[in-house]
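These notes concern the structure reproduced below.
The values are calculated or read from the model by the stated rules, or taken from the named source; none is laboratory data. On a predicted model such as this, the values are computed, not experimentally measured, just so you know. Note that each Cβ is placed from the backbone with ideal geometry, even for glycine, and that neighbours are counted across all protein chains shown.
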Amino acid sequence: MGPDPVLDDHVRDDAGGVWIVTGWIVGLVVYAGVVLAWHAGFTAAAPFVVIPAVLVVMIGAGNLLSGRRPGQPAPRFNRPDPVPLTALRRDRTTPADHGDADGTPAGGPGPGR
């Protein structure tokens, strides 16, 4: 008898949760290292300390001010209805309105000209 396939087949269904936690931990450790380097006198690390903090504050403020609230529908933006192409014409009349239903081009030879 060989190995039992039911016992050897491990189910790995964490839906990426372990990688999300790992990313957060590694990111915080790297950020702490940059902050430590900045405090140690490495002034070139200042943008790497300030910019992420500003981005976190801006994203958080945006979520607090205009984020979705439970029980409310998503916001609808007021967009005007599209303008029909016929409304964009200068001359809204047709040749039939002028009595030129014979299809004579404007300015060409025809009766009454």
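Need the failing condition index for GLY62 against (1) among the small types (Gly, Ala, Ser); (2) surrounded by 10 or more Cβ atoms within 10 Å (Cβ to Cβ); (3) at pLDDT 90 or above, just the number.
It fails just one condition, (3).
Of all the residues that make up the range 31-53, how many are surrounded by 11 or more Cβ atoms within 10 Å (Cβ to Cβ) and part of a helix (DSSP H, G or I)?
15
Among the numbered conditions (1) of a type in the set (Gly, Ala, Ser); (2) at pLDDT below 70; (3) within 30 Å of VAL35 (Cα to Cα), tell me where GLY99 comes up short.
For GLY99, the failing item is (3).
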